[in-house]
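Peer 1: Let me give you the structure first, and then I'll get to my questions.
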Amino acid sequence: MYLDEYMSMDAIALAELVRRKQVTPAELLSLARRRADAVNPRLNAIVRRLDDVADRQVADPDLRGAFAGVPFLLKDLAQEYRGFPTSWGSRSLAGDVADRHALITQRFLDAGLVIFGMTNTPEFGAKGVTEPEYWGPTRNPWSTARTSGGSSGGSASAVAAGIVPAAGASDGGGSIRIPAACNGLVGLKLSRGLSPYGPQAGETMFGMVSQGVVSRTVRDSAALYDAIIGPNPRAEYQAALPDTPFGEYIKTPPSTLTVGYSTSSAINPDPDREAVAAVEQAVSLLDELGHRVEEVAPPYDDAALARDFLTIWFAQLYRHVAEARRRTGARDRDFEADTLAMCELARSAGVLAPMLALENRNSYVQSLATFHESYDVFVTPTLATPPLAVGATTTSHRLQTVARAVSKAHAGKVLAFSGIMDDLIQASLGWVPYTQLANLTGRPAISVPLHWTDDGLPLGVQFVGRLGADGDLLRLAAQLEDARPWAHRHPAPAVPAD
């Protein structure tokens, strides 16, 4: 097999070739490594190689599973691989070696995926861009001056560049959908409770985080989610599982859907014209396909939601940092200044603030549930702007110095009164104000690559469904993919094949 053939195929197609013995797992792994060696120095998508264990895996004559022999990458955050560190993008955890696989990792392995590396992520997954100080920034293969998004930016960059057809990802505020939108990929966040978690920890962020993948095709996402969801006897509860495998479900087109769409945002009242165009084109396509489409007002207060989201997220980050200190003896110098500032805001806010924010989730759940009584799907841009330039959100050296001083002095109250929360909302969420809704409400949401800008950059469109309507979103995405295919698009001008 030639490299361009490998890069043109999705995971299902590659697995079928292995089953027919037309190619071996070792050959596929060699091609994946060859591609990684060619482009990763420029993209910085893969931060850790697992070559020895991958070699043993492809040499195993009993390698089985729906994706047996297909090269794959884990995210370097909450997808632990026994015997290797999982750094979460932080110097503080650089040597924290996992003593067992995460359940999500085990399910990837059970599916026969050949894991040969881990991908870059921002420190503790705390940003919508992947630019950790410890590993350095990941770049977008469509334009290496642009971000690959975050926090699953390394995985998305690797898939878009053709290193692997799909890769591990996770989503706590858009961290699957944002990088999918930046890189021209499919990115589904599952309904709460469907994706596996543990055994290292329980549900992260009070159930707002979902494990998953980014991929180039809808059928790959469907089949990969079929492989990873399922009963977990160690979980706190069991969500209702789909009656039909996603891979089968998407073979039938959806019936006529009622779709409400909006590009409005109180956080970013003037989204980029490309973001608006992306939704308008999607709406036109939905109309052509026979769906009923109507412009609506957003069914929630996104400014209030953003404040509640960040309040919860800062509290969770504070816990992550405290745990890293306990586990590894990390000091302030082992964390980024932005991380310390967010933790100090959480510490000074006390217990009441995140508890109130958690209680406020109910209002968003009720508002969205009311919306879904009239509409099957809520459509928005995934991003309010095209992918940002690398470094666009980097805090200045002066402000980093101030942040470290404030953190050391436990002067979080000063930060809070300074209005920094509003500044953080704009800096962190201004270009991605649409994605946190699905996390706070536990609803499924998918980003689909339906638009490319005049500059040739991908820009995804987001579809939010009812609780448990994951299969319906995948089915709609498959219909859109059939009508406007995208998997043939490759960022060859930015990153040549060889």
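The values are calculated or read from the model by the stated rules, or taken from the named source; none is laboratory data. Note that this is a predicted model, so its numbers are computed, not measured. Positions of Cβ are backbone-derived with ideal geometry, glycine not excepted, and every protein chain shown enters the neighbour counts.
Peer 1: For Pro269, only one of the following conditions fails: (1) surrounded by fewer than 21 Cβ atoms within 10 Å (Cβ to Cβ); (2) part of a helix (DSSP H, G or I); (3) of a type outside the set (D, E, K, R). What is its number?
Peer 2: (2)
Peer 1: Something else now. Return the pairs, sorted by first residue and then second, in which the second residue is part of a loop (DSSP other than H, G, I, E, B) and modelled with pLDDT under 95, the first residue lies in the range 68-93 and is over 23 Å from Leu14 (Cα atoms) and among the polar types (S, T, N, Q), the beta carbons are less than 9 Å apart, and the residues are 6+ apart or on different chains.
Peer 2: Thr86/Gln200
Peer 1: Mind counting the residues in the range 432-462 that are under 13 Å from the mean Cα position of the chain (by Cα) and at positive phi?
Peer 2: Total meeting the criteria: 0.
Peer 1: Considering only residues that are surrounded by 17 or more Cβ atoms within 10 Å (Cβ to Cβ) and not hydrophobic (A, V, I, L, M, F, W, C), look in the range 368-378 and name the one that is nearest to Val296 (Cα to Cα).
Peer 2: Of everything passing the filter in the range 368-378, Tyr375 is nearest to Val296 (Cα to Cα).
Peer 1: Of the conditions (1) in a loop (DSSP other than H, G, I, E, B); (2) in contact with a Lys or Arg (Cβ under 8 Å, 6 or more places away or on another chain); (3) closer than 30 Å to Glu16 by Cα, Leu194 fails just one. Which one is it?
Peer 2: (2)
Peer 1: Could you tell me which residue of the range 94-104 is surrounded by the fewest Cβ atoms within 10 Å (Cβ to Cβ), considering only residues that are over 20 Å from Glu133 (Cα atoms) and touching a residue at least 60 places away in the same chain (Cβ under 8 Å)?
Peer 2: Once the filter is applied, the top-ranked residue is Arg100.
Peer 1: Being among the hydroxyl-bearing types (Ser, Thr, Tyr) and either within 23 Å of Trp486 (Cβ to Cβ) or touching a residue at least 60 places away in the same chain (Cβ under 8 Å) (or both) is the filter; apply it to the range 3-29 and report the residue that is surrounded by the most Cβ atoms within 10 Å (Cβ to Cβ). Explain how you work it out, then say what you get.
Peer 2: Within the range 3-29, the subset among the hydroxyl-bearing types (Ser, Thr, Tyr) is 6, 8, 24.
Retained after the next criterion (residues that are either within 23 Å of Trp486 (Cβ to Cβ) or touching a residue at least 60 places away in the same chain (Cβ under 8 Å) (or both)): 6, 8.
Values: Tyr6: 25, Ser8: 16.
Out of the qualifying residues, it is Tyr6.
Peer 1: Tell me which residues, restricted to the range 372-390, are under 19 Å from Val461 (Cα atoms), out of contact with any Leu (no Cβ under 7 Å at 6 or more places or on another chain) and among the hydrophobic types (A, V, I, L, M, F, W, C).
Peer 2: Scanning the range 372-390 gives Phe378, Val379, Ala384, Leu388.
Peer 1: For Asp270, indicate whether it is over 23 Å from Pro458 (Cα atoms) and of a type outside the set (Gly, Ala, Ser).
Peer 2: Criteria not met by Asp270.
Peer 1: List every residue pair whose Cβ atoms sit under 6 Å apart, with the two residues 6 or more apart in sequence or on different chains, where the first one lies in the range 128-143 and is in a loop (DSSP other than H, G, I, E, B) and the second, anywhere, is surrounded by fewer than 24 Cβ atoms within 10 Å (Cβ to Cβ) and hydroxyl-bearing (Ser, Thr, Tyr).
Peer 2: Listed by first residue and then by second, the contacts come to Val129/Thr393.
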